[in-house]
Amino acid sequence: MNGPLPVEMLRQHLIDPEICIRCNTCEETCPIDAITHDGTNYVVKADVCNACMACVPPCPTGAIDNWRNVRKAETYTIDEQYAWDELPAQNPSVEAPVVAPEAGDGASVAQALPNGAAAPVGGSDMVRGSTVPPWSAARPYVQLYTHKAPATATVVGNYRLTGDATESDIHHIVLDFGAMSFPVLEGQSIGILPPGATPEGRAHHARQYSIASPRDGERPGYNNVSLTVKRVTRDHSGNATAGVCSNYLCDLKKGEVVTVIGPFGNTFLMPNHPNSHLLMICTGTGSAPMRAMTEYRRRRRLKGATGKLMLFFGARTQQELPYFGPLMNLPKDFIDTNLAFSRTPGQPRHYVQDAVRERAVDVAQLLKDGNTHVYVCGLKGMEDGVLQALQEIAERHGMRWEALWERLKREGRLHLETY
Ligand code: NAP
């Protein structure tokens with residue numbers, strides 16, 4: 001006599017809409033197009049995802065690493081996931097699917113894959129930067145404040161950084177947490193919850209901004225952080241639009257209170273050993289973490305420390321380059337600054353990767369040094385160009401790029417944050 005048919009189970013991969021900051025990193029990383037999004041949520045297609053885990057390490061917030069045991073017949077559809085404001089609780093009556101353990105498998109990562117296949121532990125070739133911090137980085141605190149229990153901060157400064165005559169309206173915004181503990185490290189980010197709702201009546205999701213100040217505060221010893229925010233006036237296709245959060249932030253007045261979640265990020269962190277070198281490559285507002293790291297190193301300039309700072313910074317024009325004045329005032333023996341302007345009238349277009357190539361000999365010297373940590377932050381489009389330039393320089397100076405790239409990634413020495 002036949003017994004009852006076994007109910008097929010699935011460990012369904014889901015993205016937490018409360019934590020996700022919609023940066024698109026997971027969708028770009030997924031090698032099999034299992035992740036998609038609408039105007040509200042990023043979601044995972046259960047019938048496509050093979051739990052290869054490629055998307056998990058690069059996610060800046062950890063929103064990606066959520067799983068629910070479901071009966072296959074009750075798999076959450078894409079449309080259901082689009083409608084969520086928060087993840088559904090695990091149904092306690094559904095047990096985890098059983099899969100045979102892999103040889104030597106003690107980790108949670110390869111467990112219970114939807115199709116029973118083994119997943120590669122620790123990411124995939126799609127991960128282009130480090131998923132671990134530098135060995136000497138300080139321990140970050142993450143997600144101390146959430147949508148359900150956010151922090152509040154008071155605006156204590158809001159200054160335009162770019163020339164008045166330029167279209168690019170970039171602001172330096174200082175937020176003070178008062179008596180609320182909000183510990184941060186350079187390279188981390190925070191999420192801002194803009195007030196109001198979408199046309200569909202849903203609360204706006206959080207927008208993420210890198211912290212532009214060092215761990216001991218925008219003003220040393222104060223419980224405050226600064227952000228570098230560009231007012232968004234055009235969408236990716238160039239059509240006029242008003243960015244919800246950037247306009248809200250750029251228009252804030254002193255004394256107004258903002259709702260904050262985070263901090264986020266546990267890999268894009270700076271090394272703390274005094275002989276470590278920072279090779280920083282950024283465009284526009286991607287300069288925020290570089291400013292934080294540079295200022296931290298400036299404040300704690302250690303006697304006898306041999307660590308070098310080399311910066312490549314791109315903007316359309318000098319007037320559109322945030323922090324141009326203060327940057328130029330930094331001593332030459334402290335930081336080697338190289339600017340690249342793409343739209344200076346009468347000049348050929350100059351991108352950061354061009355500037356990197358022009359300094360090939362010095363960049364090669366840094367790449368050969370095991371104390372060098374590379375940070376790339378800014379426009380997505382620059383990532384390929386910068387990696388290409390680093391590859392050319394490495395190979396021209398006798399280094400095998402593939403091996404060097406792997407080593408940089410493995411040792412937490414190549415950090416990419418581009419959107
Ligand atoms: P932007 O003003 O649009 O661009 C800065 C410079 O990069 C311009 O000179 C631009 O040249 C150039 N550029 C364009 N395509 C490039 C390419 N393929 N390779 C190299 N350079 C290229 O920059 P932005 O609007 O400030 O944007 C910065 C990016 O950083 C945004 O994507 C933002 O999301 C990201 N980011 C921001 C923060 C933050 O805390 N605010 C943190 C991390 C990352 P042309 O325009 O003349 O071509």
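Below, the figures for the structure above:
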read-out	value
In segment 195-218, residue nearest to the ligand (Cβ to nearest atom) [restricted to those that are at pLDDT below 95 and either aromatic (Phe, Trp, Tyr) or open to solvent by 70 Å² or more (accessible area, probe 1.4 Å) (or both)]	203
Options 140, 183, 133: the member that is surrounded by fewer than 18 Cβ atoms within 10 Å (Cβ to Cβ), part of a loop (DSSP other than H, G, I, E, B) and away from the ligand (no atom under 16 Å from the Cβ)	183
Yes/no for residue 412 being small (Gly, Ala, Ser), near the ligand (Cβ under 10 Å from one of its atoms) and closer than 27 Å to residue 275 by Cα	no
Segment 379-395, subset of a type outside the set (D, E, K, R) and more than 6 Å from the ligand (Cβ to nearest atom), residue most open to solvent (accessible area, probe 1.4 Å)	388
Subset of segment 223-244 that is in contact with an Asp or Glu (Cβ under 7 Å, 6 or more places away or on another chain) and part of a loop (DSSP other than H, G, I, E, B) - its residue that is farthest from residue 160 (Cα to Cα)	223
Neighbours by Cβ (under 6 Å, 6+ apart or cross-chain): first from segment 33-56, within 14 Å of residue 80 (Cα to Cα) and polar (S, T, N, Q); second open to solvent by less than 60 Å² (accessible area, probe 1.4 Å) and part of a loop (DSSP other than H, G, I, E, B)	41/17
Matching option when the condition is out of contact with any Ser or Thr (no Cβ under 6 Å at 6 or more places or on another chain), at positive phi, at pLDDT below 60 and assigned to a loop (DSSP other than H, G, I, E, B), among 51, 100, 112	112
Residues located in segment 76-96, provided they are more than 30 Å from residue 263 (Cβ to Cβ) and in contact (Cβ under 8 Å) with a residue 40 or more places away in the chain	78, 94, 95, 96
Among residues of segment 57-75, those that are more than 18 Å from residue 266 (Cα to Cα), in contact (Cβ under 8 Å) with a residue 60 or more places away in the chain and in contact with a Phe, Trp or Tyr (Cβ under 8 Å, 6 or more places away or on another chain), counted	1
Index of the failed condition, residue 319 passing every other in (1) part of a helix (DSSP H, G or I); (2) without any contact (Cβ under 8 Å) to a residue 12 or more places away in the chain	(2)
Filter pass, residue 418 being out of contact with any Phe, Trp or Tyr (no Cβ under 6 Å at 6 or more places or on another chain), within 16 Å of the ligand (Cβ to nearest atom) and polar (S, T, N, Q)	yes
Selection within segment 339-375 - under 23 Å from residue 398 (Cβ atoms) and open to solvent by less than 20 Å² (accessible area, probe 1.4 Å)	355, 356, 360, 363, 364, 366, 367, 372, 373, 374
Residue 331, sole failed condition from (1) away from the ligand (no atom under 16 Å from the Cβ); (2) surrounded by fewer than 22 Cβ atoms within 10 Å (Cβ to Cβ); (3) within 30 Å of residue 143 (Cα to Cα)	(3)
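The values are calculated or read from the model by the stated rules, or taken from the named source; none is laboratory data. As the structure is a prediction and not an experimental result, all values here were calculated from the model. Cβ sites come from the backbone with ideal geometry, for glycine too, and all protein chains shown count toward neighbours. Accessible surface is based on the protein model in full, side chains and every heavy atom, while ligands, DNA and RNA are left aside. Shrake-Rupley method; radii C 1.70, N 1.55, O 1.52, S 1.80 Å.
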